[in-house]
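The values are calculated or read from the model by the stated rules, or taken from the named source; none is laboratory data. None of these values were measured; they are calculated from a predicted model. Cβ placement follows ideal geometry from the backbone for every residue including glycine, while neighbour counts extend to all protein chains displayed. Side chains are part of the model used for accessible areas, which takes the heavy atoms of the whole protein and leaves out ligands, DNA and RNA. Shrake-Rupley method; radii C 1.70, N 1.55, O 1.52, S 1.80 Å.
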Amino acid sequence: MTKLRSDDLIRILRQHPRSGSAELCARLKGISRATLTRALKTLGDAVISGGESRRTRYALRRPLRGNAAPIPLYRIDENGQGHEIGELSLTYPEGSHLSFRETFPWPLHRDMSDGWFHGLPYTLIDMRPQGFLGRNFAHARALDLGVSDKPDDWPDDDVVHVLATTGYDQPGDLILGEAAYRRFLDYRRIGADRFLAESAVGASYLRSAEAAMRHGDAGSSAGGEFPKFTASRHLNGKKVDVIVKFSGADDSVAVRRWSDLLVCEHLASLTMPRVLQMPSADSAIYQYGGRTFLEVVRFDRHGDFGRSPVCTLGSLNAALTGTAGRNWPKTVRMLQAAGWLSEIDTVALIWWFGKLIGNTDMHDGNLAFRPGLALAPAYDMLPMVYAPMRGGELPNREFSPAPPLPAEAPIWIEAAEAAVYFWNLCAEDGRISADFRRICGDNGRNIAALLSRMQ
């Protein structure tokens, strides 16, 4: 009987992770499967197996900061109840394995369906702290958590550590780790006392804006670069969770322009369901203490504590197609060709509407889906082409959107009609500065003329 030392098996698994039985036997000088099975058993929990029957493969478990125990993954349903849906294990030398206890609602390649991921499961990527709130979170908590104060520099291990320690209010319905889940339970226990009454919104939003700019708000990690904070409040007799973007409080030209753009974002959210019959995130504009606040209701939150799953195009794209630098219509066509997505015209319609209202910030993190790759409500749609430049100077550029190709014309015409409606709304809204209202009116007339020629 051929003997196999545990050290030899560990060495081969380190050199060739995610190997099947046949490959391991061949690399270990032709040992029998029975010998391999006995050796794997002696390593116990140090070895992870994934896949069934002939697809079973093995990898060494990699500890996270000295702890090799698998990390539970929970989901919160729409009623606010938690369910343990799997366990995440890091693998040597990189990557991870997710053991599923429930049917996974997102598309998976064959290796992923066996639980193997080259990095982290892609549904966790949107949960990492990012943007304005992510930087503020890192600034406030980096020392305590033992990570860099620049979240973009975090390797996967740091992301897992942060999420499993503090990540109880991330986008979507997932919570990673027992410590983070206990934070959610604490929030659920005392959270009702923190819901803002409608009468308290103005004073609270002013305090939150000052705190976000002065100290940073460590309560959430919604992505994006615009200054913002999160809140839970009563609205029309119901509790809602919101993300609140805000402008500065002075009367500089840059601050006035940012205020104008916040109002424009609200008006774009009104336009899409009215004209395109397409859902968008509910929003409202408030003005307190010289600041303009755009309050956006989170569509991944329901009732007091309920949640629902959501995943951005960026995470789906990286995991399923591996491409970058394409616009939304081209990316979703690739998802359609791979069999993941059926309806793509709605994405093209949103994209063209964005182009025709001057949205130069339609990156893959600004389009989201629900399970089944059903399109989530649209958000972050505003004419960023007019955003102040880094030094505060206003751009002096002519807005001249490109016409469509012949095959794109029917969707373009529909989007252009919505864009004319949007620009006219902006031109008539007294919350927008007079100078920018004139720009909006000109844009509406120019697109209307272009639309007339196209028709």
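In segment 302-351, the residue that is surrounded by the fewest Cβ atoms within 10 Å (Cβ to Cβ) out of those that are β-branched (Val, Ile, Thr) and closer than 17 Å to Asp380 by Cα is Thr346. Every condition in (1) open to solvent by less than 30 Å² (accessible area, probe 1.4 Å); (2) at pLDDT 95 or above is met by Glu78 except one, and the failing one is (1).
Every test in (1) modelled with pLDDT of 90 or more; (2) not in a helix (DSSP H, G or I) is passed by Gly224 save one, and that test is (1).
Of all residue pairs spaced 6 or more apart or on separate chains, those with beta-carbon atoms under 8 Å, a first member in segment 393-406 that is in contact (Cβ under 8 Å) with a residue 60 or more places away in the chain and part of a loop (DSSP other than H, G, I, E, B) and a second member that is of a type in the set (A, V, I, L, M) and open to solvent by less than 70 Å² (accessible area, probe 1.4 Å) are Glu393/Ala254; Leu394/Ala254. The residues in segment 355-391 that are farther than 19 Å from Cys264 by Cβ and small (Gly, Ala, Ser) can be counted, and the count is 6. Quick check: is even one residue across segment 348-364 of a type outside the set (Gly, Ala, Ser), in a helix (DSSP H, G or I) and over 25 Å from Cys440 (Cα atoms)? Yes, there is a match, as at least one residue in segment 348-364 is of a type outside the set (Gly, Ala, Ser), in a helix (DSSP H, G or I) and over 25 Å from Cys440 (Cα atoms).
For segment 123-180, a tally of residues being without any contact (Cβ under 8 Å) to a residue 60 or more places away in the chain, polar (S, T, N, Q) and more than 22 Å from Ala231 (Cβ to Cβ) returns 2. Restricting to segment 296-338, and then to whatever is more than 20 Å from Gly354 (Cα to Cα) and charged (D, E, K, R), can you tell me which residue is modelled with the lowest pLDDT? Top of the filtered list is Asp304.
All of (1) assigned to a loop (DSSP other than H, G, I, E, B); (2) open to solvent by 30 Å² or more (accessible area, probe 1.4 Å); (3) farther than 21 Å from Asp364 by Cα hold for Val147 with one exception: (2).
Among the residues of segment 26-75, those identified as in a helix (DSSP H, G or I) and either buried (at least 19 other Cβ atoms within 10 Å of the Cβ) or in contact with a helix residue (DSSP H, G or I) (Cβ under 7 Å, 6 or more places away or on another chain) (or both) are Arg27, Arg33, Leu36, Ala39, Leu40, Thr42, Leu43.
The number of residues in segment 272-298 that are under 22 Å from Arg370 (Cβ atoms) and open to solvent by less than 40 Å² (accessible area, probe 1.4 Å) comes to 9.
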